[in-house]
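These notes concern the structure reproduced below.
Read-outs throughout are calculated quantities, based only on the coordinates presented, and are distinct from any laboratory measurement. All values reported here derive from a predicted model rather than from experimental measurement. Cβ coordinates were reconstructed from backbone atoms using ideal geometry, including for glycine residues, and neighbour counts include every protein chain displayed.
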Amino acid sequence: MTDKENLMSYVIAFEADGSAKDVTRRYTKAYTSKTRRWRVENASEGGERWWHKVMKSYQKIVPDVLDQIEDNELVGVEAREPMPRNVQDFKDHPIYALERHLRRHEVLIRDAKPSGTISAGRGMPLEKIYRRRDVKIARTVDKWYRMGREVLPNEIPAKWVPKRAQPKKSRYDDDREDEREKDDAGMPIYTIDQTEQYEAPPVRDGKVPKNKFGNIDLYVPSMIPRGGVHIEHEQASRAAYVLGVDYAPALTGFSFKGRQGSAVLNGIVVAKEYEEAIRGAIEGLANMEQEAEIEKRRQTVLRVWRKFIMGLRIRERVWAGVGEDERMEAEREAEREAGLDAEIEDAPSDVTEEFDMVTGDDDYNDEDYGGGGFLVD
């Protein structure tokens, strides 16, 4: 597995009916600890889902008994694979994990029990090996809040994450700010076991609770306050304003462009008893907009017809004192002039084009003939 040009990363078995199956685990020695690292499942975040989708198109519609036996065999081969023997193979291992390989927001549960020990080399201290199932994802208070959860009171952080270093805005910034950041302990993060589902203040007497910006945080559907309803429509706020109903714009996330973020407002939250009235008002506003658009088109058509009719009337007034024969003669003359103009535009240009004269005598030399167009006696 050390030769990058000769890796058995994929072994696909095909049958006579065109179906196929991934049997790489049967022919590799260390599929989980070594081969898996070179496959698409480990290369990107959605790699495993993508590969499953690809192989699903080659599966049999109705698997037979042999397919089930083969699947159980492959699962058993992967389960019987021994524990890795070097530290590097523990990185991103699906079954085992070392504390040194934990990511920034990964922590071990409090009662995690080691499954063994390993040393990075002779004379190096032993490191405990843990099960991957004992590794949990930890997040900050704000991150949990945006997922619809809040940290329980008096909870001890599972880990303190150091703040990321931020570059100075200019060379004139005060260095004392950097010293304060270094002295800061960092950001506390918590596991999901230390949180509970967030429950927003309820709607009372038709009044919707709002934050200091006049909105309501609604990152996930579970954050809708009790007694309220989320109406997702671009005309919802206008309908509530027309009806005089108390409402709060729903803040569903943030849109980032570069380093600047802007709030994303999607619909409104109102008391549930006003939902039917709001939706009826939205439908009425939509009908009014449709009628306004139809009226706008009608006015445009009338304006065009008015201009056309006025042009016809002006033409009739101009030709009112002219006889029929004279009018026909004038029209024919106008047609002839139009045809003449077209012929002039299509006629070839009489401008002489410059070109280089080429003689057939390759031995021609200006000095033999005096040069400059003059003959020398």
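Observations on the structure shown:
- Mean separation of Cα contacts under 8 Å (6+ apart) over length of the stretch 204-284, as relative contact order %: 37 percent
- If R0 is 22 Å, the Cβ-Cβ spacing of SER57 and GLU78 corresponds to a FRET efficiency of close to 0.45.
- Residue-by-residue Karplus 3J(HN,Hα) for the stretch 9-14, coefficients 6.51, -1.76, 1.60, Hz, glycine and proline x: 7, 9, 10, 10, 9, 10
- Using the Cβ-Cβ distance between SER9 and TYR219 with R0 set to 35 Å, the FRET efficiency from 1/(1 + (r/R0)^6) comes to roughly 0.30.
- Part-to-part distance (alpha-carbon centres) for the stretch 1-66 and the stretch 288-328, which is given in Å: 73 Å
- Lys, Arg +1 and Asp, Glu -1 on Cβ, resulting dipole of the stretch 1-82 about Cα centre, debye, nearest 20: 340 debye
- Under 12 Å, Cβ to Cβ, from THR252 - net charge with Lys/Arg +1 and Asp/Glu -1: -1
- Compared with the alpha-carbon gap, the fully stretched path from VAL322 to ASN266 is longer by 13.3 nm at 0.36 nm per residue.
- Length gained on full extension, ARG332 to ASP134, computed as 0.36 nm times the residue gap minus the Cα-Cα distance: 61.6 nm.
- Annotation for the stretch 302-337: chymotrypsin sites (Phe, Trp or Tyr not before Pro) lying in DSSP loop with at most 11 further Cβ atoms inside 10 Å of their Cβ do not exist.
- Using the Cβ-Cβ distance between ASP111 and LYS29 with R0 set to 30 Å, the FRET efficiency from 1/(1 + (r/R0)^6) comes to roughly 0.30.
- Entries of LYS136/LYS159; LYS21/LYS56; LYS21/LYS60; LYS163/LYS212; LYS29/LYS56; LYS29/LYS53 with Cα pairs more than 19 Å apart: LYS163/LYS212; LYS29/LYS56; LYS29/LYS53
- Sparse-neighbourhood loop sites, trypsin sites (Lys or Arg not before Pro) in the stretch 60-147 - DSSP loop, at most 16 other Cβ within 10 angstrom: LYS60, ARG80, ARG85, LYS91, ARG103, ARG104, ARG110, ARG122
- In order along the stretch 114-129, the phi-based Karplus estimate (6.51 cos²θ - 1.76 cosθ + 1.60, θ = phi - 60°) of 3J(HN,Hα) comes to x, 9, x, 9, 8, 10, 6, x, 5, x, 8, x, 6, 10, 7, 9 Hz; Gly and Pro are listed as x.
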